[in-house]
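First up is the structure itself, then whatever we jot down about it.
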Amino acid sequence: MLDLQRTWPRPISVRIAAIRAGTVPETIVRWCKRDGIGKQLRRKAPWRVDPVGLAIILAGDGEALALYQSGDATSARVQRYLSSVRHLELKGQ
């Protein structure tokens with residue numbers, strides 16, 4: 001998983017991720033564990049969800065997720081998701 005300590009994209013809460021995904025928070029936590037799109041800083045701490053990873057999961061693009069998690073932020077496949085998340089953040093969502 002990419003380092004969520006970097007400045008952008010800022011991690012989002014499980015609640016916000018669930019709203020974006022149109023699902024329940026439990027599903028987001030399951031995706032965090034299964035697909036590595038989030039982490040807890042310590043046991044029982046709130047989950048921090050990577051919004052780009054979430055966007056990729058929602059699109060069902062396993063290849064893009066593998067590229068993104070390996071650190072590739074330059075491929076067109078990953079850039080599409082980075083742009084969509086930046087657009088959401090600029091809109092304040």
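With +1 assigned to the C-beta of every Lys and Arg and -1 to the C-beta of every Asp and Glu, and no other charges, what is the dipole magnitude of region 8-93 about the Cα centre in debye, to the nearest 20?
Rounded to the nearest 20 debye, it is 460 debye.
Would you kindly derive the ³J(HN,Hα) couplings of region 81-91 from the backbone phi angles with the Karplus curve 6.51 cos²θ - 1.76 cosθ + 1.60 (θ = phi - 60°), listing them in order in whole Hz, with x for Gly and Pro?
For region 81-91, the Karplus curve yields 6, 4, 5, 5, 5, 4, 4, 4, 5, 5, 7 Hz.
Along the positive direction of the dipole of the chain (beta-carbon charges: Lys, Arg +1; Asp, Glu -1; about the Cα centre), which of Ile19, Pro46, Ser83 reaches farthest?
Looking along the dipole axis, the top candidate is Pro46.
Would you work out if the chain is rounded, prolate or oblate? Take a ≥ b ≥ c from the square roots of the eigenvalues of the alpha-carbon gyration tensor; rounded if a/c is under 1.5, else prolate when a/b is larger than b/c, oblate otherwise.
rounded
Loop only per DSSP, at most 11 neighbouring Cβ atoms within 10 Å: give me the trypsin sites (Lys or Arg not before Pro) in the chain, ordered by residue number.
Here the trypsin sites (Lys or Arg not before Pro) that fit, given the DSSP loop and packing criteria, are Arg6, Arg42, Arg43, Lys44, Lys91.
By how many degrees, 0 to 90 and rounded to 10, does the Cα axis of helix 25-35 deviate from the longest principal axis of the chain?
The angle comes out at about 60 degrees.
Quick one: if the Förster radius is 22 Å, what FRET efficiency do Ser83 and Ala45 give, using the C-beta to C-beta distance and rounding to 0.05?
Calculated transfer efficiency: 0.15.
In whole Hz, with x marking every Gly and Pro, tabulate ³J(HN,Hα) for region 60-70 from phi via Karplus 6.51 cos²θ - 1.76 cosθ + 1.60, θ = phi - 60°.
Along region 60-70, the couplings run x, 9, x, 5, 5, 4, 4, 4, 4, 6, 8 Hz.
Taken together, the values in this text are just the output of simple stated rules run on the coordinates, not laboratory data. Note that this is a predicted model, so its numbers are computed, not measured. Methodologically, a virtual Cβ is constructed for each residue, glycine included, from the backbone with ideal geometry; neighbour enumeration extends over all protein chains shown.
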